[in-house]
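Okay, so here's the structure we're looking at.
Every number in this text was worked out from the coordinates using simple rules, so none of it is lab data. Keep in mind that what you see is a predicted model, and the values were worked out from it rather than measured. Cβ coordinates were reconstructed from backbone atoms using ideal geometry, including for glycine residues, and neighbour counts include every protein chain displayed.
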Amino acid sequence: MKTQKLSSGTTMPALGLGTWKSEPEAVYGAVRTAIDVGYRHIDCAAIYQNEEEIGRALTDAFAAGDVKREEMWVTSKLWNDSHAPEHVQRALKRSLKRLQLDYLDLYLIHWPVALRHGVDLPRGPEDFLSLSTIPLASTWAAMLEVDEQGLVREVGVSNFSKRKIEQVRDATGRTPAVNQIELHPYLQQDELLEACKDMSVAVTAYSPLGSPDSAAMLGREDRILLTKHPTIVEIAETHEATTGQVLIAWALARGTSVIPKSINPERIAENWGARDLALTPRDMSAIASLDNHQRMVDGGFWFVGETYSPRTLWDE
């Protein structure tokens, strides 16, 4: 099994199952299938609203002897309404209860965005809190506390820029173990990837296939789907692989972990097969030429009022 080594020396399975947009009634079967196929890494989040079903799937898999708890890597994320230090542990314990676990392997700050407590999704500017009101450093310090209490094995961040990672590191003396960010051939983020490497921050790639199923939800039009791009199609045909496998293999070849989402049993197994696909230097060079810095998840849902903007969110 391919793994990714974290700064602590801990190893994390490099290929995991993503669960964003997986409906509760379908995610149970997806997790059980993934474990049967060989996955040992499940990526969750409180806001996905399917942790209870994932917890039931994990519990049933443990009881059936399909896998042991210590063989699994389970990630979840702190939602934006719980950034205040007094809310971090409570939010974590709610996720643990839903997942029926005693600890998480990795807990991430989901977004560098703060909302009023109790607000899942903002309806207007009044639902936002500025990062001067609740600094990321104070949230990160509370994350370190739950780590010290043994409720998590590792703590990290998601959707953080180089500047924001440096801010929390400089304020606390502790660098996040992982930064989970959108990565695919249209958004390769080489500079951020290199910066994370320099800071010993492992990177997990989300939306590795370009998140085609989020287009309608996010009001986005995809001109050429990554899975249909002629370059990706040609490479897939050369290797007798699928385009999805090529995109996942590309993420693994860059040294990132990757969490493709699926609820389809055949696709879950197909994605798992990507770990055996070896892309050539020529393949990697051809894929590198596709970068156009196109975000599929651009954070536009946070740009309500003046508290957050593309510049303040991404620092670019």
Point to revise | Estimated dipole of the chain in Debye, rounded to 20 [Cβ of Lys and Arg +1, of Asp and Glu -1, Cα centre] | key: 360 debye
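For GLU126 and SER285, compute 0.36 nm times the residue count separating them, minus their Cα-Cα distance, and round to one decimal in nm. All intermediate terms of the calculation are to be shown ahead of the outcome.
Values: separation 159, 0.36 × 159 = 57.24 nm, distance 4.65 nm.
Result for the pair: 52.6 nm of gain on full extension.
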Review point. Using alpha-carbon pairs under 8 Å, 6+ residues apart, how would you state the relative contact order of the chain in percent?
Key: 19 percent
**Study point:** Within segment 220-264, GluC sites (Glu not before Pro) in DSSP loop having at most 16 other beta-carbon neighbours inside 10 Å
**Key:** GLU221, GLU240
**Study point:** Paramagnetic reach from ASP190 in segment 279-300 [backbone N under 20 Å; point 7 Å along Cα→Cβ]
**Key:** 279-296
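Applying 1/(1 + (r/R0)^6) with R0 = 22 Å to the Cβ-Cβ distance of GLU266 and ALA26, what FRET efficiency is obtained, to the nearest 0.05?
Working: r = 14 Å, r/R0 = 0.64.
The calculated FRET efficiency here is 0.95.
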Practice item. Could you tell me what percent of the DSSP beta bridges with both partners in the chain are antiparallel, to the nearest 5? Key: 20 percent
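Which entries in the list LYS228/LYS261; LYS68/LYS228; LYS2/LYS228 go over 29 Å, if you measure between the two C-alpha atoms of each? List each step's numbers first, then the result.
Numbers: LYS228/LYS261 18 Å; LYS68/LYS228 38 Å; LYS2/LYS228 27 Å.
With Cα atoms farther than 29 Å apart: LYS68/LYS228.
The chain: longest stretch without exposed chymotrypsin sites (Phe, Trp or Tyr not before Pro) (DSSP loop, at most 16 other Cβ within 10 Å), sites themselves excluded?
Working: sites that count: TYR103, PHE303.
The segment 104-302 is the longest one with no such site.
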Review point. Taking +1 at the Cβ of each Lys and Arg and -1 at the Cβ of each Asp and Glu, which of THR11, ILE263, GLY124 sits farthest along the dipole of the chain towards its positive end, judged by Cα position relative to the Cα centre?
Key: THR11
Review point. Straight-line reach from LYS164: which lysines have Cα under 19 Å away, leaving out those fewer than 8 places along the same chain?
Key: LYS77, LYS197
Review point. Quick one: of the DSSP bridges fully inside segment 45-191, what percent are antiparallel, nearest 5?
Key: 20 percent
Practice item. Go ahead and run the numbers for FRET between GLU237 and ARG94, Cβ-Cβ distance against an R0 of 45 Å, rounding to 0.05. Key: 0.45
Review point. Which entry is the computed log10 I(q)/I(0) by the Debye sum over Cα atoms at q = 0.09, 0.15 Å⁻¹ for this structure: [x] -0.54, -1.09; [y] -0.48, -1.15; [z] -0.43, -1.29?
Key: [z]
Exercise for review: Give the Cα extents of segment 191-316 along the principal axes, in whole Å, largest first.
Suggested key: 49, 37, 27
